[in-house]
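Worksheet: the structure to be examined is printed underneath.
The values are calculated or read from the model by the stated rules, or taken from the named source; none is laboratory data. Everything quoted here is computed from the prediction, not taken from an experiment. Please note: Cβ atoms are built from the backbone with ideal geometry, for glycine as well, and neighbour counts cover all protein chains shown. Surface areas here come from the heavy atoms of the whole protein model, side chains and all, with no ligands, DNA or RNA. Shrake-Rupley method; radii C 1.70, N 1.55, O 1.52, S 1.80 Å.
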Amino acid sequence: MAASRPSRSVSARDISIGCERLDGAGSWDTLEWTKIEPVTRSVSHANFEFLLEAERVLDEGHGVVLVNTDEAGTLFVTNFRLLFLSDGTRNIVPLGTIPLATIEKFNKMVVKVQSTSRNTNKSSSRRLLQIIGKDMRIIVFCFRPRTKQRRAIFDALSRCTKPERIWDLYAFTCGPSKFSNLSPKVRLLNEYFRLLGKGFHHASMRMIEDGSFTMSNDSWRISDINFNYSLCQSYPFALLVPKSVSDDEIIQASNFRARSRVPAVSWCNPETGAVLARSSQPLVGIMNTRSTADEKLVAALCAQLIDGKDSRRKLYIADARPRKNALANGAMGGGSESSSNYFQSEIVFFGIDNIHAMRESFARFRDYLDTHGAASSDGMSSFLRHGGWTWGGGNLSSMSASVSTLGDSGWLIHVQSVLAGSAWIAARVALESAAVLVHCSDGWDRTSQLVSLANLMLDPYYRTFTGFQALVEKDWLDFGHPFSDRVGMPSISGSSFELSRNASSTGSFSSSPLRQSSGSSQASNSSHAQNNYSPIFLQWVDCVSQLLRIYPFAFEFSSNFLVDFLDCVLSCRFGNFLCNSEKERQICGVDESCGCLWAYLADMRSSEGRSHAHYNLFYDTLKHNGPLLPPAAALAPTLWPQFHLRWACPFESQAGELEAECRNMAIKFSELQKAKEVAEMKAKEYLAAMEILNVDLQNEKQVSSSAMNLAKRASKENAAIQRAVQSLGCRVNFTNSSDSTVDVESSLMETSQRLSLPRRESEYTMEHNDRSDLSVSITVEADDVAPSSSPLGQVCETLCPLRTQGRGCQWPDAACAQLGSQFIGLKANFDAFDRLSIYDRYFKSE
């Protein structure tokens with residue numbers, strides 16, 4: 001990710017005495033290092049919270065100044081990186097911290113600076129260590145004099161940046177940890193199944209072991225001819241080839257291709273039959289040798305008819321090299337195809353330079369950014385940093401000349417060449433449904449760039465996170481791009497990249513003492529000529545970023561993802577991009593012994609979801625669901641700010657500030673959406689609670705209605721009881737107390753007796769309406785009064801001679817009920833009293 005410029009803490013200018021900047025770009029501040037208090041305390045490496053898993057400190061230097069930013073701190077060399085810790089904040093300074101594998105070369109220098117003091121004519125010297133990175137940075141550290149700290153740091157870098165064996169790399173020391181790597185072979189087969197239109201099949205290690213992965217469709221088949229890498233050591237174990245060509249014919253054709261890299265399918269369209277294939281150069285030599293097997297294999301790429309018509313599919317053979325280079329290779333046994341030997345074919349040369357030209361162009365480009373950056377490695381010669389007074393005095397012609405230096409580096413021109421060639425290939429495949437065979441010399445550098453970039457334009461799947469991983473693994477890792485050689489790491493044979501280290505130099509510099517070109521010295525050129533380091537993969541990622549700039553809605557991932565991805569590749573922290581081929585990684589046991597870069601990046605994204613910086617906020621699957629075919633006018637490249645400017649111009653590298661603001665707005669919008677969802681859920685809960693309350697209210701209403709009905713019925717029953725009792729000659733008074741008064745009148749009694757009857761167990765009591773304790777109580781017989789002496793009893797005995805003596809009224813089982821007496825007692829059907837008068841007969845006579 002783009003690192004922000006670190007804050008200044010203990011500045012070298014703040015601790016210098018008598019420092020004066022002389023006029024001109026070549027002056028240098030003289031530092032009084034004796035004024036810096038050395039750190040004498042013992043540092044416990046085990047307590048360093050900033051160390052990664054299995055990372056350990058090998059050496060350290062105190063009182064070191066990062067010249068780019070004038071910041072003092074402590075410099076550590078670990079088994080993974082060169083780490084600079086600020087003395088002021090005790091935080092890691094991103095500019096001064098670089099993985100060891102990302103260091104291209106480092107140099108010791110001693111610079112003599114004339115003292116500005118009037119009392120002495122002595123000159124002071126500075127002990128400097130220049131670090132040149134593969135990620136566009138050039139940093140310089142200044143060490144205290146009369147110490148051996150610079151020697152210790154230099155020796156530690158010499159040992160660690162140039163390991164003797166591949167197993168000495170940090171990726172093996174750290175192990176897979178939680179970022180384990182599933183078998184890449186399984187992922188390759190799944191990609192082949194998708195290209196064959198059989199995506200419903202899922203590969204497994206068991207399928208690989210028993211050889212049941214050799215599926216096919218009408219045109220193509222998966223061959224296991226290279227299962228043991230006997231056909232080609234730099235090809236994958238499984239190849240996608242024309243179905244009409246046998247394995248024996250493929251073996252014969254391999255003898256005609258450099259390093260046995262036969263034509264193999266990289267991408268195909270199952271609907272149109274269009275195909276994109278790759279190989280190495282043919283071994284035609286100066287004698288223009290031919291191979292029948294190779295011609296048949298290439299012809300099989302375009303044998304399928306277009307839409308069932310009689311016309312044969314067009315064949316394009318795209319040679320990535322300049323024509324003169326291809327002819328020159330013919331003198332060494334290589335060369336290019338002849339259109340007369342391949343039926344209905346057309347040969348096209350793209351004119352892309354080789355790895356050595358790319359390396360030199362990258363070095364010039366890096367020097368240009370360092371020269372005119374805000375955090376220049378010499379600390380002074382930036383126009384942006386010093387208002388232009390060090391840039392030719394602000395002369396307009398010198399400014400124009402410096403701008404032309406960017407063009408002179410040639411980097412953007414090379415990027416445009418790769419973009420234009422890939423766009424041409426994608427257009428032929430998409431618009432003409434043609435067959436295109438791409439190759440360069442060995443078929444693993446420029447060929448990988450062109451084929452993978454054309455795939456990215458043709459297939460929207462490759463523009464997603466999952467598809468991008470499948471694309472890189474297929475066309476770069478599985479098809480044998482030599483990452484160890486190009487990145488400068490040891491291969492399985494034990495030979496390693498020879499880092500360029502210039503010997504200590506002493507001299508007096510009149511101008512910009514650190515402005516030493518990162519790739520212009522004779523020693524540097526000699527060293528580069530003896531190795532195969534080249535930023536080929538970095539250049540391809542640069543091309544991807546250009547497409548992302550042109551089509552911001554077409555990619556699921558963002559530019560920040562590409563930066564982090566490229567940093568992981570260059571750091572060699574994970575095992576995915578170690579070694580030169582699939583075979584070498586299998587022999588080294590990389591998949592089992594090292595962590596997985598893809599799992600690490602996926603874990604980063606999972607921490608924040610779609611709001612993570614790796615996601616492209618503008619990604620729209622419907623806007624670009626087909627091929628991307630950029631016109632030539634749109635392919636003019638520009639600087640990739642997030643990567644090219646992040647070290648030299650950290651503030652300007654945030655050119656994606658608009659994207660960052662949009663991301664912040666998206667995060668806020670996401671938070672508002674979540675709050676809205678929470679509010680909607682609460683509203684639903686409230687609605688559900690209201691529905692429950694409504695149901696309860698309805699139930700209460702029903703209960704209340706039932707209670708009212710019962711009250712009305714009780715009222716009717718009370719009235720009926722009153723009339724029935726009054727018919728017996730009694731008067732009933734209802735009160736709110738627990739007692740009632742009953743007056744009994746009878747013609748057989750001369751006087752009326754007033755009785756106050758308390759409630760007893762033999763009472764008939766009815767309560768109604770929760771708000772009232774109104775009760776009716778009629779006592780038929782008291783405990784202390786004989787039945788015959790009770791007025792009611794006497795009346796009942798008088799009127800009911802069938803009443804059983806001493807047992808009370810037995811109605812309706814008594815004989816009186818059976819005889820149809822009109823005096824029916826208190827257990828009668830009270831509703832009948834509302835319909836009958838007291839003189840009516842309630843029971844019919846039998």
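Please specify each residue of the stretch 171-225 satisfying the condition of being in a loop (DSSP other than H, G, I, E, B), farther than 30 Å from GLN252 by Cα and among the aromatic types (Phe, Trp, Tyr).
Listed by number, the residues that qualify are PHE179, PHE200.
Given the options LYS243, LYS198, name the one that is under 23 Å from GLN469 (Cα atoms), surrounded by fewer than 22 Cβ atoms within 10 Å (Cβ to Cβ) and in the same structural domain as VAL438 (by the TED database).
So the residue among LYS243, LYS198 that is under 23 Å from GLN469 (Cα atoms), surrounded by fewer than 22 Cβ atoms within 10 Å (Cβ to Cβ) and in the same structural domain as VAL438 (by the TED database) is LYS198.
Go through GLU249, GLU271 for me and flag whichever is in the same structural domain as GLU584 (by the TED database), of a type in the set (D, E, K, R) and more than 15 Å from VAL429 (Cβ to Cβ).
On inspection, the qualifying residue turns out to be GLU249.
What about SER737, is it of a type in the set (S, T, N, Q), at pLDDT 90 or above and surrounded by fewer than 17 Cβ atoms within 10 Å (Cβ to Cβ)?
Spelling it out, it is not the case that SER737 is of a type in the set (S, T, N, Q), at pLDDT 90 or above and surrounded by fewer than 17 Cβ atoms within 10 Å (Cβ to Cβ).
Quickly run through the stretch 214-228 and pick out the residues that are open to solvent by less than 60 Å² (accessible area, probe 1.4 Å) and touching a Phe, Trp or Tyr at 6+ places or on another chain (Cβ under 8 Å).
Residues satisfying the conditions are MET215, ILE222, ASN226.
Which of (1) surrounded by fewer than 20 Cβ atoms within 10 Å (Cβ to Cβ); (2) within 34 Å of the chain's Cα centre (by Cα) does ILE132 not meet, given it meets every other one?
(1)
Testing THR292 on (1) buried (at least 20 other Cβ atoms within 10 Å of the Cβ); (2) of a type in the set (Ser, Thr, Tyr); (3) assigned by the TED database to the domain that holds VAL436, one condition comes back false. Which one is that?
The failed condition is (1).
Restricting to the stretch 586-597, and then to whatever is in a helix (DSSP H, G or I), of a type outside the set (Ser, Thr, Tyr) and under 26 Å from the mean Cα position of the chain (by Cα), can you tell me which residue is farthest from LEU477 (Cα to Cα)?
Here the answer is GLU592.
Restrict the check to the stretch 546-555 and report whether at least one residue is in a helix (DSSP H, G or I), modelled with pLDDT of 95 or more and open to solvent by less than 10 Å² (accessible area, probe 1.4 Å).
Yes: one or more hits.
Given (1) over 23 Å from GLY480 (Cβ atoms); (2) assigned to a helix (DSSP H, G or I), identify the lone condition not met by ASP294.
If we test ASP294 against (1) over 23 Å from GLY480 (Cβ atoms); (2) assigned to a helix (DSSP H, G or I), just (1) comes out false.
Tell me, yes or no, whether the stretch 345-353 has at least one residue that is open to solvent by 10 Å² or more (accessible area, probe 1.4 Å) and assigned to a helix (DSSP H, G or I).
No, there is no match, as no residue in the stretch 345-353 is open to solvent by 10 Å² or more (accessible area, probe 1.4 Å) and assigned to a helix (DSSP H, G or I).
List pairs: first residue in the stretch 706-728 and in contact (Cβ under 8 Å) with a residue 24 or more places away in the chain, second residue among the acidic types (Asp, Glu) and part of a helix (DSSP H, G or I) anywhere in the structure, Cβ distance under 8 angstrom, at least six positions apart or on different chains.
The qualifying pairs are LYS716/ASP831; LYS716/ASP834; GLU717/ASP831; ALA719/ASP834; ALA720/ASP831; ALA720/ASP834.
Considering only residues that are out of contact with any strand residue (DSSP E or B) (no Cβ under 9 Å at 6 or more places or on another chain) and of a type in the set (Lys, Arg), look in the stretch 597-643 and name the one that is nearest to ILE550 (Cα to Cα).
Residue satisfying both the conditions and the ranking: LYS623.
Taking the options VAL451, VAL429, VAL418, name whichever one is in the same structural domain as TYR316 (by the TED database), assigned to a helix (DSSP H, G or I), in contact with a Cys (Cβ under 6 Å, 6 or more places away or on another chain) and at pLDDT 95 or above.
Result of the check over VAL451, VAL429, VAL418: VAL418.
Within the stretch 76-90, can you find the residues that are closer than 17 Å to VAL57 by Cβ and open to solvent by 10 Å² or more (accessible area, probe 1.4 Å)?
ASN79, PHE80, ARG81, ASP87, ARG90 - these are the residues of the stretch 76-90 that are closer than 17 Å to VAL57 by Cβ and open to solvent by 10 Å² or more (accessible area, probe 1.4 Å).
Starting from the stretch 68-93, keep only residues that are under 17 Å from TYR170 (Cβ atoms), then list their pairs with residues that are outside any loop (DSSP other than H, G, I, E, B) and charged (D, E, K, R) whose Cβ atoms are within a distance under 6 Å, requiring at least 6 positions of separation or different chains.
Filtered contacts from the stretch 68-93: PHE76/GLU60; VAL77/ASP59.
Please tell me if GLY351 is farther than 30 Å from ALA203 by Cβ and of a type outside the set (Ser, Thr, Tyr).
yes
Give the residue that is least open to solvent (accessible area, probe 1.4 Å), with candidates limited to residues of the stretch 566-599 that are among the charged types (D, E, K, R) and within 28 Å of HIS644 (Cβ to Cβ).
ASP567
Scan the stretch 600-634 residue by residue and report those that are within 26 Å of GLU432 (Cβ to Cβ), open to solvent by 70 Å² or more (accessible area, probe 1.4 Å) and not in a loop (DSSP other than H, G, I, E, B).
Residues satisfying the conditions are ALA632, ALA633.
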